[in-house]
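Remarks on the structure that follows.
The values are calculated or read from the model by the stated rules, or taken from the named source; none is laboratory data. Nothing here was measured: the structure is a model prediction, and the numbers come from that model. Methodologically, a virtual Cβ is constructed for each residue, glycine included, from the backbone with ideal geometry; neighbour enumeration extends over all protein chains shown. Quick note on the areas: whole protein, heavy atoms, side chains included, nothing else; ligands and nucleic acids left out. Shrake-Rupley method; radii C 1.70, N 1.55, O 1.52, S 1.80 Å.
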Amino acid sequence: MTDPISLMHAVKDSQPEEIYNLAAQSYVGASWRQPHLTTAVTGVGALNMIEATREYANKAKFYQASTSELFGNSNTNGTQNENTPFEPRSPYGFAKLYAFHAIKNYRESYNMFACNGILFNHESERRGMEFVTRKVTNGVAMIKHGLAKEIKLGNLDSKRDWGFAGDYVEAMWLMLQQQKPEDFVIATGQTHSVRELVEKSFNCAGIKDWEQYVIVDPNLVRPAEVFTLKGDASKANNILGWKPKMTFDQLVESMVKSDIDRLGKA
Ligand code: GDP
């Protein structure tokens, strides 16, 4: 993503009809330790990709993975939609804000079919272990199998609007099948705290008294936090006909089960 010439060759050689730019340093926690790298890959990388597209495949439809981290703590008492002001709270957030505006400007300046999907957190059993959902479901599975005694976590009070990645990928595809390129919020409209996630995960594994297994480690608390995210995806519902199929409970259950089964086989 930091090498524009490679991206230009890739686009020129493959002549794609659709491009989904999901490439990023996507872990918020790491972005404070690597702010420059995050800006180069996540921010300027998106510019490199859309510029390669403009140069060598300007009829290709372009999807940019934007994020609810753009909102930061904007309107945390209500819901966030396409009109909510952006106030990012991390190097990851401000790199993604740069990318958001790059894509919007290319759409408006060069008449390209380029969309930002402002996706709230989306999870599955394939989620990286550095993210809280998978860290918890894998940690619970380790405890269940007697392979660990505890899980160390940071802020248990922050709340997220967690959906199922499979549902969200369908929304990405739908955005590129429309007549007109637009930006869309994709979310479930439900919010849950990290504490609820932990409690539910232990429950799914049939482990009681979860508090004895969880340690709050101040080193895992971030320099700045996005406290509450809750998205309003009514625009996507109206225009794309999209709505999430999997609930939070089903998502947590499937992730816990998958980690317990995987470690059981191993
Ligand atoms: P994010 O919303 O993209 O930052 O997704 P994460 O899954 O990394 O974090 C979601 C929330 O969980 C944030 O508010 C974190 O501060 C909180 N959290 C609490 N403990 C942890 C932890 O040990 N790891 C991570 N990744 N997040 C944690």
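Structure notes:
- Answer residue from the range 186-218, given it is of a type in the set (K, R) and more than 10 Å from the ligand (Cβ to nearest atom) and is nearest to the chain's Cα centre (by Cα) among those: K200
- If you go through the range 17-39 and pick out every residue that is more than 16 Å from the ligand (Cβ to nearest atom) and out of contact with any strand residue (DSSP E or B) (no Cβ under 9 Å at 6 or more places or on another chain), you end up with 3.
- Cross-chain or 6+ apart pairs with Cβ under 7 Å, the range 1-22 first and under 27 Å from I118 (Cβ atoms), then in a loop (DSSP other than H, G, I, E, B): M1/A23; V11/A57; P16/A57; P16/A60; E17/A60; E18/A60; E18/L176; I19/A60
- Among all positions in the range 40-55, there is at least one residue which is within 16 Å of the ligand (Cβ to nearest atom) and of a type in the set (S, T, N, Q).
- Among the candidates Y98, Y92, Y106, residue that is within 14 Å of the ligand (Cβ to nearest atom), hydroxyl-bearing (S, T, Y) and open to solvent by 10 Å² or more (accessible area, probe 1.4 Å): Y92
- Residue match in the range 21-29 (condition: under 30 Å from R262 (Cα atoms) and among the β-branched types (V, I, T)): yes
- Residue satisfying all of: in the range 122-166; closer than 17 Å to M246 by Cβ and hydroxyl-bearing (S, T, Y); nearest to the ligand (Cβ to nearest atom) among these: T133
- Number of the exception - Q177 against (1) open to solvent by 30 Å² or more (accessible area, probe 1.4 Å); (2) among the polar types (S, T, N, Q); (3) under 19 Å from the mean Cα position of the chain (by Cα): (3)
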